[in-house]
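Asks: Sending over a structure as structure tokens; questions will come in a sec.
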Amino acid sequence: MWIFRNDSFVSIVQHRDKPDMLLVRSRIEGDIERFFSEKSVETFQDGSADYRYRALVEKRPVESALVHAVEGIDYPNFKNSVAAGDKKRKSAYMSVWNAMASAFGAFGRAPRSWE
């Protein structure tokens, strides 16, 4: 599951060997901590992985972080809620938005043909 928040991006998957644990991953240092609102989550790095920053977390704290994120939504436009000073994140998020708009349509435009 990919989670895009205006201050963090994480990828959450089931741990391969520990069925009671989730692996929370990010490409950006500090995003895991921001996702968990600075609560103590032990992170580690794997420089050979596609997501360098990682944390093994039980499902309940992840669930709580998701609920907290939803409760914190106070903006009418997600793209505009990303801090202006966070140019790299804003640009990356816009690339995702553009890819989805191109693939599935937006503003009355038909989606791209995949044939």
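The values are calculated or read from the model by the stated rules, or taken from the named source; none is laboratory data. Keep in mind that this is a model prediction, so the values were computed, not measured. Here the Cβ positions follow ideal geometry from the backbone for every residue, glycine too, while neighbour counts run over all protein chains shown.
Asks: Only residues that are within 13 Å of Trp2 (Cα to Cα) and of a type outside the set (Phe, Trp, Tyr): list them for region 23-44, please.
Replies: Selection gives Leu23, Val24, Arg25, Ser26, Arg27, Asp31, Ile32.
Asks: Restricting attention to region 69-108, which residues are more than 11 Å from Asn6 (Cβ to Cβ), under 15 Å from the mean Cα position of the chain (by Cα) and not polar (S, T, N, Q)?
Replies: Val70, Lys88, Ala92, Met94, Val96, Trp97
Asks: Looking only at residues in region 19-29 that are at pLDDT 95 or above and not hydroxyl-bearing (Ser, Thr, Tyr), which one is surrounded by the fewest Cβ atoms within 10 Å (Cβ to Cβ)?
Replies: Among residues in region 19-29 that are at pLDDT 95 or above and not hydroxyl-bearing (Ser, Thr, Tyr), the one surrounded by the fewest Cβ atoms within 10 Å (Cβ to Cβ) is Glu29.
Asks: Please enumerate the residues belonging to region 51-74 that are part of a loop (DSSP other than H, G, I, E, B) and modelled with pLDDT of 95 or more.
Replies: Tyr51, Arg52, Ile73, Asp74 - these are the residues of region 51-74 that are part of a loop (DSSP other than H, G, I, E, B) and modelled with pLDDT of 95 or more.
Asks: Among the candidates Arg16, Arg34, Arg25, which residue alone is part of a strand (DSSP E or B), of a type in the set (Lys, Arg) and under 15 Å from Val57 (Cα atoms)?
Replies: After ruling out the rest, the residue left standing is Arg25.
Asks: Go through Asp74, Asp46 for me and flag whichever is among the acidic types (Asp, Glu) and either surrounded by 11 or more Cβ atoms within 10 Å (Cβ to Cβ) or touching a residue at least 12 places away in the same chain (Cβ under 8 Å) (or both).
Replies: Asp46
Asks: Does Ala83 qualify as being out of contact with any helix residue (DSSP H, G or I) (no Cβ under 6 Å at 6 or more places or on another chain), of a type in the set (Gly, Ala, Ser), at pLDDT below 95 and surrounded by 13 or more Cβ atoms within 10 Å (Cβ to Cβ)?
Replies: Answer is no for this residue.
Asks: Still on this structure, please answer the following. Which count do you get for residues in region 37-68 that are farther than 13 Å from Leu23 by Cα, more than 16 Å from the chain's Cα centre (by Cα) and polar (S, T, N, Q)?
Replies: Residues that pass the stated criteria total 2.
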